[in-house]
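Worksheet: one structure, shown below.
What follows draws every value from the coordinates through simple rules; no lab data is involved. Bear in mind that the values here come from a model prediction, so they are computed numbers and not experimental data. Counting neighbours? That spans all protein chains shown, and the Cβs are built from the backbone with ideal geometry, glycine included.
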Amino acid sequence: MERNFDEPLFDLQVDREAGNHFRESSKWAKFLSVVSFIAIAIVLLVLIFAATAMTRALEEFRPEFAGASGFFVAVAIVGVLIVFFTSYLLFRFATLTKQGIERQDQIIFNKGLLALKNYFMIYGVVTMLTLILTIISAVTNFGK
Amino acid sequence: MNTNASPGDFFSFGIDAHSRELLKNSAIWAKIIAVVGFISAGVSVLTTVINKLAVNANIFAAIGPITGSLIIAAITVSLNLFLLRFASNISDSLSNMNQQQFNSGASNLRIYFKFIGILVIIFLSLFLLAMLFFIMGTGLSG
């Protein structure tokens with residue numbers, strides 16, 4: 001088989017050291033994703049059982065938001081969905097990367113890296129949007 | 001699909017073209033997150049300082065919130081520093097084919113997740129402690 005000279009002579013390896021780092025990363029990532037799943041479950045329970053009491057309290061203390069309770073619930077649901085999806089990607093990264101290293105399986109390892117890439121992508125978009133909203137809110141507050 | 005690792009060599013398989021592409025994209029997004037994190041920390045400190053100094057005539061009353069925002073900013077910056085190191089080490093290692101840099105990048109990803117994990121454990125412990133004090137307080141008063 002002829003060698004492709006565009007490719008480097010020595011490829012990078014997931015050696016013992018890198019493997020240990022990825023395994024420990026996956027251990028912490030799994031812990032974080034499980035904590036997030038539990039937090040999501042608690043938030044959903046609160047939303048289901050206390051949504052009416054919360055909207056009543058909002059209308060009482062901030063009457064200007066009287067008609068907007070549905071909007072706040074919708075925002076909360078979207079937030080929960082984003083957190084759930086990112087936690088799911090983190091969980092996939094954790095389990096697949098660990099499996100890929102232990103089984104020496106390139107395809108499973110790559111699936112784990114794909115989950116990590118998607119996790120960083122969604123997290124990046126969310127942090128950028130948060131920063132933009134923070135700057136807008138700060139500028140409008142200073143203007144008052 | 002098993003790769004070209006010998007059975008005795010437990011830890012060693014290659015980073016193929018697909019892995020390289022995924023790691024490269026992960027590094028790009030990680031770098032964006034880190035930079036946005038640094039900017040967010042700066043903006044947060046700036047808005048706290050301006051808000052507190054504008055509202056409080058007494059400068060000593062503003063010290064608490066400003067210190068709090070500085071501590072949060074310091075945590076955010078150090079956390080994102082590990083993410084930035086992961087991103088730059090991984091992208092450099094992919095272009096230089098430097099195994100040591102690749103391992104250093106993987107180590108920084110490990111520290112990043114460990115850092116968040118420890119912060120979550122501290123936060124949960126404080127939350128549980130606060131809940132315990134609250135329950136004890138209501139129990140004693142009731």
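Quick rundown of the values:
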| item | result |
| --- | --- |
| Radius of gyration, Dmax [region A:18-129; alpha carbons; angstrom] | 18.6, 60 |
| For region A:21-34, Karplus couplings with θ = phi - 60° (6.51, -1.76, 1.60), whole Hz, Gly/Pro x | 5, 5, 5, 5, 4, 5, 5, 5, 5, 5, 4, 5, 5, 5 |
| Cut-off under 5 Å, modelled amide H: who pairs with A:Leu12 long-range | B:Ile15 |
| Nearest-ten-degree value, helix A:69-103 long axis tilted from longest Cα axis of chain A | 20 degrees |
| Burial ordering of B:Ser44, A:Ser87, fewest other beta-carbon atoms within 10 Å first | B:Ser44, A:Ser87 |
| Mean Cα-pair separation over length for chain A, i.e. relative contact order, pairs under 8 Å, 6 or more apart, % | 25 percent |
| FRET E, pair A:Leu58, B:Ile122, Förster distance 41 Å, beta-carbon r, rounded to 0.05 | 0.85 |
| Other protein chain Cβ atoms within 10 Å, averaged over every residue that makes up B:100-108 | 5 |
| Partners for B:Lys52 among lysines (Cα-Cα distance below 30 Å; same-chain residues under 8 apart left out) | A:Lys144 |
| Value in Å of the Kirkwood radius, where the protein assembly as shown supplies the Cα pairs that are averaged | 21.9 Å |
| Within chain B, helix-based [θ] at 222 nm, where runs of 4 or more DSSP H residues each add -39,500 (n - 2.57), nearest 500 | -31000 deg cm²/dmol |
| Other protein chain Cβ atoms within 10 Å, averaged over every residue that makes up A:121-129 | 5 |
| Shape call, chain B: gyration tensor on alpha carbons, a/c limit 1.5 | oblate |
| Mean separation of Cα contacts under 8 Å, 6 or more apart, over the residue count of chain B: relative contact order % | 22 percent |
| Prolate/oblate/rounded label for region B:37-79 (Cα gyration tensor, a/c 1.5) | oblate |
| Partner chain coverage, peptide A:107-118 - average Cβ within 10 angstrom | 5 |
| FRET efficiency, 1/(1 + (r/R0)^6) with R0 41 Å, evaluated for B:Asn98 and B:Ala61 via beta carbons | 0.20 |
| Relative exposure of A:Ser137, B:Ser12, A:Ser26, judged by other C-beta atoms within 10 Å (fewest first) | A:Ser137, B:Ser12, A:Ser26 |
| Ranking of A:Lys98, A:Lys111 by count of other Cβ atoms within 10 Å, fewest first | A:Lys111, A:Lys98 |
| Expected 222 nm ellipticity per residue - DSSP helices of 4 or more, -39500 (n - 2.57), all of chain A, to 500 | -30500 deg cm²/dmol |
| R0 of 22 Å, Cβ-Cβ distance A:Ala51-A:Phe84: FRET efficiency to nearest 0.05 | 0.75 |
| Degrees separating the helix A:106-143 axis from the principal Cα axis of chain A, which is the longest one | 30 degrees |
